[in-house]
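Read the figures in this text as sums done on the coordinates, not as results from a lab. Since this is a predicted model, take the numbers as computed values, not measurements. Note: ideal-geometry Cβ built from the backbone for every residue, glycine included; neighbour counts use all protein chains shown.
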Amino acid sequence: MMLKTPLPAVNDPEGNWVPESFPMVVDAHVHVFPDSIFKAIWKWFDEYGWPVRYQIGSEEILDFLLSRGVAHIVALQYAHKPGISRDLNQFMKNLCAKFPGKVTGMATVFPGEEDADKILADAFAEGLGGVKLHSHVQCFDMNGREMEPVYDTCSSYGKPLIMHVGREPKSPGYACDPYLICKAEKLDFVLRDFPELKVCVPHLGADEFLAYQFLIEKYDNLWLDTAMAVTAYLPGKNPVLLSDMRTERILYGSDFPNIPYAWDRELKELEAHFPDARKRERILGRNAVELFSIALPDRFPER
């Protein structure tokens, strides 16, 4: 699928709280950025992606989800050029400090920039819980030498690496062709060569769904998140039933706020997919708690 023109907004109704049947929700895919970067991202989405429904600041993003019953948030950002990673990591540290115990912030780095390993080591020492990279934006080769400091540092510190390395969505708005650099077979080599590295691939690895179903069966150090992949919004069809995938390796993620529909649309879809309460608990929270070493609160917000 090539997004040659922007997709439409969806004016679907939104709920005030997570579905009643959910015991705990950890949203493992929420974007936060400084305002200036968010404005540039939303402009890009207007031109190449879809209308972003929730154009709000980072603190408001976290408040929005937490006030609607999300128990914990994994916050993501990525450096779109070298030289800004330290500032972004400091921004993330300061933001998480305003929501103690509620937000796990991911560090970032631009693959190949000077002292990438030290940038990440410093971020981990400051309390950030892993790393987020986006191959479509950063145009890195998973098997390139510039990735070794990232893999080695994450492995050494036991921190997960969230990498958008699925091929979709492909867009003329990117500086590189994701179909050339994002192949499941390339990740296969990474998982084999770095067995201590914990990797999470967003969007169920779209669009190589079958290949990623195979990879999570083959490797215990690979997870997938569901962000936008189970909302019946993006073009294309997933031939793999989510209920047939390895349940303990799937995480719920919303992609909030960069979505064109209601914040809880995906939660409603997951409720329909998983009547089994044990599988639902794993995907909606327990898997993320284990992967990101989240300390659970004594109690969750009341409805």
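In the set (1) surrounded by 21 or more Cβ atoms within 10 Å (Cβ to Cβ); (2) assigned to a loop (DSSP other than H, G, I, E, B), residue 132 fails one condition alone, (2). Being in a loop (DSSP other than H, G, I, E, B) and farther than 26 Å from residue 81 by Cα is true of residue 12. Step by step: first the residues of the stretch 54-67, then only those that are within 20 Å of residue 9 (Cα to Cα) and of a type in the set (A, V, I, L, M), then the one that is surrounded by the most Cβ atoms within 10 Å (Cβ to Cβ). Which residue is that? Only one residue fits best here, namely 61. Once the stretch 89-101 is narrowed to residues that are out of contact with any strand residue (DSSP E or B) (no Cβ under 6 Å at 6 or more places or on another chain) and farther than 19 Å from residue 117 by Cβ, the residue that is surrounded by the fewest Cβ atoms within 10 Å (Cβ to Cβ) is 100.
Out of curiosity, is residue 167 basic (Lys, Arg), without any contact (Cβ under 8 Å) to a residue 60 or more places away in the chain and surrounded by 19 or more Cβ atoms within 10 Å (Cβ to Cβ)? It is true that residue 167 is basic (Lys, Arg), without any contact (Cβ under 8 Å) to a residue 60 or more places away in the chain and surrounded by 19 or more Cβ atoms within 10 Å (Cβ to Cβ).
Restricting 74, 18, 70 to those that are assigned to a loop (DSSP other than H, G, I, E, B), within 18 Å of the chain's Cα centre (by Cα), in contact (Cβ under 8 Å) with a residue 40 or more places away in the chain and crowded, with 21+ Cβ neighbours inside 10 Å reduces the list to 70.
Does residue 101 satisfy being of a type outside the set (Asp, Glu) and touching a Lys or Arg at 6+ places or on another chain (Cβ under 7 Å)? Judged against the criteria, residue 101 is not a match. Any residue at all in the stretch 83-96 that is of a type outside the set (A, V, I, L, M, F, W, C), under 18 Å from the mean Cα position of the chain (by Cα) and closer than 23 Å to residue 252 by Cβ? The answer is no; no qualifying residue exists. Kindly indicate whether any position in the stretch 176-194 is among the hydroxyl-bearing types (Ser, Thr, Tyr) and either under 24 Å from residue 89 (Cα atoms) or surrounded by 20 or more Cβ atoms within 10 Å (Cβ to Cβ) (or both). Checked the stretch 176-194: no residue is among the hydroxyl-bearing types (Ser, Thr, Tyr) and either under 24 Å from residue 89 (Cα atoms) or surrounded by 20 or more Cβ atoms within 10 Å (Cβ to Cβ) (or both). For the stretch 240-295, filtering for residues that are of a type outside the set (Asp, Glu), over 18 Å from the mean Cα position of the chain (by Cα) and assigned to a helix (DSSP H, G or I) leaves 8.
Quick one: in the stretch 86-109, which of the residues that are in a loop (DSSP other than H, G, I, E, B) and either in contact (Cβ under 8 Å) with a residue 40 or more places away in the chain or touching a helix residue (DSSP H, G or I) at 6+ places or on another chain (Cβ under 6 Å) (or both) is farthest from residue 32 (Cα to Cα)? Applying the filter and picking the extreme gives 101.
Select from the stretch 21-41 the residues that are in a loop (DSSP other than H, G, I, E, B) and out of contact with any strand residue (DSSP E or B) (no Cβ under 7 Å at 6 or more places or on another chain) and write down the one among them that is surrounded by the fewest Cβ atoms within 10 Å (Cβ to Cβ). Only one residue fits best here, namely 21.
Among the conditions (1) under 26 Å from residue 250 (Cβ atoms); (2) surrounded by 14 or more Cβ atoms within 10 Å (Cβ to Cβ), the only one that residue 51 does not satisfy is (1).
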